[in-house]
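Engineer: I am attaching a structure below and will ask some questions about it afterwards.
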Amino acid sequence: MGERYRKNSDHQFYINPRNMPANNQNQQIDLFQEPPELAKPSTKVIANSRDSPYIIYVDESGDHSLVSIDDGYPIFVLAFCVFHKEYYSSEVVSDMERLKFRNFGHDMVVLHEADIRKEIAPFNNFANKAEKEFFLEELNGLITKSKFVLISCAILKKELPAKVAQDGNSYHIALVSCLETLYEFLIEKGQEEKTTHVVVECRGKKEDNALELEFRRICDGANKFGKNLPFNIILADKKTNSTGLQFADLVARPIGRHLLNRNQANRAFDILRAKFFCKGGRSRVGKDYEGWGLKTVPPSESEKPR
C-alpha cells in the first residue's frame, strides 16, 4: 500500500498525515471507496483504433471426423457468437453471473450443454423438479434477451461427395465458411479493416496446431475473397470460465438437431432464429438467414443462392 495510505484498527484506509496538507489530516477513506484523486474521470471506455468493437466466441457440436460417422448424429456444427464488446462486458457477463449465483450459489459453474442435457453434476443437484425448471427457464430467457449475432455452418456428413469426405476435415470446411460470413458481417458494420479477435476453445495440442494453421491459411488469402482477412485467433483453455464460450457451447447442438429433423419441435432453435445474420440486415431477423448466417455443406434445398 506504500506510505501514502495506511489502515487503522477499524479496517479503514486513511491518508498518511505526513503526506497530507494540515487541513485534511482527519480525512478517512472507506475500505471500498477510491481516494478522490484516484477516481476515474469517466466511465466511458475508449477502444484503440486497431481493433473492431466486436468479439467472437466459437464452439462446435459433433465430432469432425468424416471417416467414422455417428449414425445418431451425422453432423458437425460450428457456431460463431458475435458480441459487441461494450454490451458484452456491461450486460451479458453480469447477467450470466447473476443466473449462476441465483441457481448454484456461486459463479464457478461452467454451463456445458451436454452436461445440462445429461444431468451431470452440478446439474443433477437441484432440490426438486421445480428448481430445475426454474434454471432452464432462466437460461432460455438469458439467451433470448441477450443481443448477439449468430453465424454457423453445418457439415451434413452423409451427403458430402466421396472426394470431400475422403480428403476433408469437417472443422476446417466449416471454419472457412464462418470466417467468410464473419467478414461480410464486418463489411456491413464498416469494421472490415480492423482486427477482430476470434476466441476458440482448446481441443488438444495436435488439433489446436492444425486449427491455428488452417485459420491462418484462410486469413492469408485462402478464402472466396482472395484477400487477407483481419482476424486473430485466441485459443482458450477448456477450464476458462468464459461467458462467451458458454453461449457458443449452448447454441451449437440445437442447430444440429434442427437440421437433422426440421419437422421436430425445437424450442431452443426457435429462440435462435432471431439471432442469425440474415439477408437484408437486422430488419429481417428470423427470416432469410439460411444460406447467410446459417449455411450447410452441401447446401440444403431451402438455402437461397447468394
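Engineer: Where the accessible area of region 37-189 is counted over protein heavy atoms with a 1.4 Å probe, how much of it, in %, is carbon and sulfur?
Structural biologist: Roughly 55 percent of what the probe reaches on region 37-189 is carbon or sulfur.
Engineer: Provide Thr144, Thr196 ordered by accessible surface of protein heavy atoms (probe 1.4 Å), highest first.
Structural biologist: Listed by decreasing accessible area, they come as Thr144, Thr196.
Engineer: Over what distance in Å are the Cα centres of region 198-262 and region 109-139 separated?
Structural biologist: If we compute the Cα centre of each part, the gap is 26 Å.
Engineer: Skip the ligands, DNA and RNA, and give the accessible area per residue of region 96-145 with a 1.4 Å probe, whole Å².
Structural biologist: Result: 60 Å² per residue.
Engineer: Also: For Val67, what is the net charge nearby, where nearby means another residue's Cβ is under 12 Å from its Cβ and Lys, Arg count +1, Asp, Glu -1?
Structural biologist: Charge balance near Val67 sits at -2.
Engineer: In addition: Roll a 1.4 Å probe over the protein chains and send me the accessible area per residue for region 202-266 in Å².
Structural biologist: 52
Engineer: Related question: Counting Lys and Arg as +1 and Asp and Glu as -1, what is the net charge of the other residues whose Cβ lies under 13 Å from the Cβ of Val164?
Structural biologist: Charge balance near Val164 sits at +1.
The values are calculated or read from the model by the stated rules, or taken from the named source; none is laboratory data. Model, not experiment: these values are computed from the prediction. No Cβ is skipped: glycine too gets one built from the backbone with ideal geometry, and neighbour counts run over all protein chains shown. Note: areas computed on protein heavy atoms with side chains; ligands, DNA, RNA excluded. Shrake-Rupley method; radii C 1.70, N 1.55, O 1.52, S 1.80 Å.
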